[in-house]
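Visitor: I'd like to ask you about the structure that follows.
All of the numbers you see were taken from the coordinates with simple rules; none came from a lab. Computed from a predicted model, the values in this text were never measured in an experiment. As a convention, Cβ positions derive from the backbone with ideal geometry for all residues, glycine included, and neighbour counts pool all protein chains shown.
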């Protein structure tokens, strides 16, 4: 868990939700996911950058025409994160995917 101050200077505690694994300190975690709509022929991917206290540092999403397999869609989202992280100045980062 991480601690910090709330908006009025009182100590607060952040509790991590189940399933989210904390990255190493000073490391940004990129959580990415993909949605595929085969009927409309579109794919959407998104990346959320968080630090070890779960604070969101940034996010990016993209919609593209085409129909891809879930594995290829996840790879495209990882590629998006690999572009996004350095463009935001994140020097240390890890990727978590939903792909099994």
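Visitor: Simple spin-label model, 7 Å along Cα-to-Cβ: residue 35 to residue 82 in nm?
Guide: Here the answer is 2.6 nm between the modelled labels.
Visitor: Assign one of three labels to segment 21-96, namely rounded, prolate or oblate, based on the Cα gyration tensor with a ≥ b ≥ c the square roots of its eigenvalues; rounded applies when a/c is under 1.5, prolate when it is not and a/b is larger than b/c, and oblate otherwise.
Guide: prolate
Visitor: Determine the percent antiparallel among the DSSP beta bridges restricted to segment 24-93, to the nearest 5.
Guide: 95 percent
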